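The values are calculated or read from the model by the stated rules, or taken from the named source; none is laboratory data. Please read all numbers here as calculations on a predicted model, not as lab measurements. Positions of Cβ are generated from backbone atoms using ideal geometry, with glycine treated the same way; all protein chains shown enter the neighbour counts. Remember, those area values only see protein heavy atoms, side chains included, never the ligands or the DNA or RNA. Shrake-Rupley method; radii C 1.70, N 1.55, O 1.52, S 1.80 Å.
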Amino acid sequence: MAQRLATEYVKTRLHLTEAEMSKFVQMLADHQVTSQVKVIENGNQEFVFQEEAGEEIVLSFERVGRQYISSGTCRVTSLRLTNVLRKAIAEFKGSAVVKRIYATFVMIYTYELGRVVKIVEVKGSHTNVVYEYQDTLGQLEKLFRRTEIEREISMIHDQINHLLDMRNEVSCLTMKLDIDSRLTQLTRRLFILEA
C-alpha cells in the first residue's frame with residue numbers, strides 16, 4: 001500500500017453554530033489533539049491544533065451573526081490531524097477539496113455537505129475519475145420536468161391550431177388582429193420552451 005506523504009485541505013469551508021463549536025472542541029480532545037483557542041476581534045476565533053509529534057495547524061473562524069465560518073487551506077502530514085479534519089468536515093456538513101499526496105500520484109476528494117461527491121486520481125498529466133456521486137433523484141426530477149414541458153408544448157400546438165381555424169372562419173378585421181396577437185404570444189412561448 002502506498003505511503004501518504006501529506007494531505008492538503010484546499011477550499012475547506014465549515015459553518016458552525018456556537019453549540020457545534022463546543023462539539024468541535026470536544027472532538028479534538030477526544031482524538032488527543034491539543035488545541036489553543038485565541039479569541040480575536042469581533043468574536044472571531046483562531047484555533048491552533050497540535051499533535052503529539054509537534055505538527056500544528058491553524059484554522060481561523062470568523063464570527064458572522066450566530067455562526068462561525070472557517071474557510072482556508074492547510075497542509076497536514078499527521079494521520080491523527082488528517083482524520084480529525086476529515087471527521088469534522090463529515091460531521092459538520094462542511095465542504096472541501098482534499099488532496100492526498102503520495103510519492104507517484106495524488107488523490108483528490110471533493111466534499112459537499114459533509115459527503116464525498118467525487119474522487120479523482122492524478123498521475124502526472126493523466127486524470128482518472130474513480131468515483132462520482134450520481135444524483136438519481138435530481139435526474140428523475142429533471143426528467144419529470146422535461147415531460148411537463150413537452151405537455152405544455154403539445155397544448156400550445158393545439159391552441160395554435162384552434163386559433164388558426166378560428167382565423168380562417170372569422171371575417172371581422174378586429175377579431176383577426178386579436179387572434180394574430182394571441183398567435184404571436186403563443187409562438188414566442190413555444191420558441192422559449194423548445195429552446
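A few notes on this one:
- Dipole of segment 71-140, positive end: most advanced residue of 129, 96, 79 [Cβ charges, Cα centre]: 79
- Accessible area (Å², per residue) of segment 36-146, counting only protein heavy atoms and a probe of 1.4 Å: 63 Å²
- Whether segment 101-141 is rounded, prolate or oblate, judged on the alpha carbon gyration tensor where a/c under 1.5 counts as rounded: oblate
- Among the listed pairs 11/38; 38/93; 11/93; 93/118; 23/123; 11/118, a Cα-Cα separation exceeding 26 Å is found for 23/123.
- Every Cα-Cα pair of segment 1-57 was included, and the share exceeding 12 Å stands at 76 percent.
- Alpha carbon centroid spacing (whole Å) that separates segment 62-77 from segment 130-172: 46 Å
- Restricting segment 114-168 to chymotrypsin sites (Phe, Trp or Tyr not before Pro) that sit in a DSSP loop and have at most 13 other Cβ atoms within 10 Å of their own Cβ leaves 133.
- Computed over segment 55-167, the percent of Cα pairs more than 22 Å apart is 58.
- Sequence of 98, 129 from largest to smallest accessible area, 1.4 Å probe: 129, 98
- The convex hull of the Cα atoms of the chain, projected and averaged over all directions, covers 19.0 nm².
- Dipole magnitude of segment 1-158 about its Cα centre (Cβ charges: Lys, Arg +1; Asp, Glu -1), debye to nearest 20: 300 debye
- Apportionment of accessible area to carbon and sulfur, the chain, percent (1.4 Å): 52 percent
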